[in-house]
Amino acid sequence: MKVCGFTFIRNAIRFDYPIVEAITSVLPMCDEFIVLVGNSDDNTRNLIERIGSDKIKIHDSVWDDSLREGGRVLAEETNKAMLLLPDDTTWAFYIQGDEVIHEKYHQTILSAMDQYKYDVKVEGLLLNYTHFYGSYDFIGDSTNWYRKEVRIIRKDSMIYSFRDAQGFQKNGRPLKVKAVDAFVYHYGWVKPPEKQMEKQKYFHKLWHNDEWVEKNIVSADKFDYSQIDSLAHFVGTHPSVMEKRIQATNWHFNFDPTQKRLSFKSKFKLTLEKITGWRIGEYKNYKLL
């Protein structure tokens, strides 16, 4: 069994992406790792080079910034990276620049890959998500956060990145997957308020035209984390690769988890989910086997 990780990244330093932590959190499970570095305004390529692993293969890419409908450029870059996967790859482990795997899940993930390596009906493995928000102490607990995504796919030329690179499809249909009892820690909403604001302004341009961005995105120097409907305290430990980044935190965010700002509809959906495990209207770009 050969496992090859892959990701794409652009302007990791400018937008404060934990890309080094993302890659190094997956690296122990991989035989090789493909990093597609986009044309950046900072020193992103050098940042990746300094990881210093022989497993990492760096390739360069130029983003097509005209692909502004639904974040298509993100799927395009993911597909470019997939084309670089070695032909003898069994499983491809996809990690985005703000996602990190806790080392406590390594063996569980490796065991699942080994268990299904010859079962060609299994086209991917589904992982759970924990979404951090505002600081490393809080997680999103409303129904607005997605709960699961496919992050491990079988090497198959018919599989491609879908929409804005959140998931994958094959021949126009969702992948057939097995669920794995492991979590992805998503840190995309934990950045210094200045960096978060800069990222928001830029990334909305990947989905919308300039007129929409100017009309709908608030012009501010700092992102206001306080405008969130519901959070919970994080109980547990962060991945060891995140320790230095967490210790270097230079902003403060506090939130009272008892003060919920949920609509009646959201409260109903959340209550039903807690009782039954079913989330009304949940988007699922996968089919569980």
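The values are calculated or read from the model by the stated rules, or taken from the named source; none is laboratory data. Small disclaimer: the values here were computed from a predicted structure and weren't measured. For neighbour counting, all protein chains shown are included, and Cβ atoms are generated from backbone atoms with ideal geometry for every residue, glycine included.
Is there a residue being touching a residue at least 60 places away in the same chain (Cβ under 8 Å), in contact with a Lys or Arg (Cβ under 8 Å, 6 or more places away or on another chain) and assigned to a strand (DSSP E or B) anywhere in the stretch 187-210?
No, that holds for no residue.
Do the conditions hold for THR249, that is, is it at pLDDT 75 or above, among the β-branched types (Val, Ile, Thr) and within 27 Å of GLY124 (Cβ to Cβ)?
On the way: at pLDDT 75 or above: yes; among the β-branched types (Val, Ile, Thr): yes; within 27 Å of GLY124 (Cβ to Cβ): no.
Answer is no for this residue.
May I ask you to list pairs of residues, at least six apart or on different chains, whose Cβ atoms are under 8 Å apart, with the first in the stretch 153-182 being closer than 24 Å to PHE203 by Cβ and in contact (Cβ under 8 Å) with a residue 24 or more places away in the chain and the second being hydroxyl-bearing (Ser, Thr, Tyr) and part of a loop (DSSP other than H, G, I, E, B)?
Between residues of the stretch 153-182 that are closer than 24 Å to PHE203 by Cβ and in contact (Cβ under 8 Å) with a residue 24 or more places away in the chain and residues that are hydroxyl-bearing (Ser, Thr, Tyr) and part of a loop (DSSP other than H, G, I, E, B), the close pairs are GLN166/TYR146.
Here are some residues: VAL122, VAL73, VAL35. Which one is in contact with a Lys or Arg (Cβ under 6 Å, 6 or more places away or on another chain) and either closer than 15 Å to ARG10 by Cα or part of a loop (DSSP other than H, G, I, E, B) (or both)? Walk me through how you get there before you give the answer.
On the way: VAL73 fails: in contact with a Lys or Arg (Cβ under 6 Å, 6 or more places away or on another chain); VAL35 fails: in contact with a Lys or Arg (Cβ under 6 Å, 6 or more places away or on another chain).
Criteria check complete, one pass: VAL122.
Only one residue in ASN254, ASN285, ASN250 is surrounded by 11 or more Cβ atoms within 10 Å (Cβ to Cβ) and among the polar types (S, T, N, Q), so which one is that?
Values: ASN254 fails: surrounded by 11 or more Cβ atoms within 10 Å (Cβ to Cβ); ASN250 fails: surrounded by 11 or more Cβ atoms within 10 Å (Cβ to Cβ).
The conditions single out ASN285.
Please state which one of ASN46, ASN79 is among the polar types (S, T, N, Q), free of Cβ contacts under 8 Å to residues at least 60 places away in the same chain and either buried (at least 18 other Cβ atoms within 10 Å of the Cβ) or not in a loop (DSSP other than H, G, I, E, B) (or both). Full working, then the answer.
Details: ASN79 fails: free of Cβ contacts under 8 Å to residues at least 60 places away in the same chain.
Of the residues listed, the single one that is among the polar types (S, T, N, Q), free of Cβ contacts under 8 Å to residues at least 60 places away in the same chain and either buried (at least 18 other Cβ atoms within 10 Å of the Cβ) or not in a loop (DSSP other than H, G, I, E, B) (or both) is ASN46.
Which numbered condition in (1) crowded, with 17+ Cβ neighbours inside 10 Å; (2) of a type in the set (A, V, I, L, M); (3) modelled with pLDDT under 95; (4) more than 17 Å from ARG151 (Cβ to Cβ) is the only one that LEU67 fails?
Condition (1) is where LEU67 drops out.
Any idea which of TYR105, TYR116, TYR94 is in contact with a Leu (Cβ under 8 Å, 6 or more places away or on another chain), under 23 Å from LYS287 (Cα atoms) and buried (at least 18 other Cβ atoms within 10 Å of the Cβ)?
Numbers: TYR105 fails: in contact with a Leu (Cβ under 8 Å, 6 or more places away or on another chain); TYR94 fails: in contact with a Leu (Cβ under 8 Å, 6 or more places away or on another chain).
Step by step, each of TYR105, TYR116, TYR94 is checked, and only TYR116 is in contact with a Leu (Cβ under 8 Å, 6 or more places away or on another chain), under 23 Å from LYS287 (Cα atoms) and buried (at least 18 other Cβ atoms within 10 Å of the Cβ).
Among the residues of the stretch 185-195, write down those that are modelled with pLDDT of 95 or more and out of contact with any His (no Cβ under 9 Å at 6 or more places or on another chain).
VAL190 - this is the single residue of the stretch 185-195 that is modelled with pLDDT of 95 or more and out of contact with any His (no Cβ under 9 Å at 6 or more places or on another chain).
Does VAL73 count as within 24 Å of ILE159 (Cα to Cα), β-branched (Val, Ile, Thr) and at pLDDT below 95? Walk me through how you get there before you give the answer.
Working: within 24 Å of ILE159 (Cα to Cα): yes; β-branched (Val, Ile, Thr): yes; at pLDDT below 95: yes.
Against the criterion (within 24 Å of ILE159 (Cα to Cα), β-branched (Val, Ile, Thr) and at pLDDT below 95), VAL73 qualifies.
Which of the numbered conditions does ASP164 fail, given that it passes all the others? Conditions: (1) modelled with pLDDT under 90; (2) of a type in the set (D, E, K, R); (3) under 30 Å from THR90 (Cα atoms); (4) touching a strand residue (DSSP E or B) at 6+ places or on another chain (Cβ under 9 Å).
(4)
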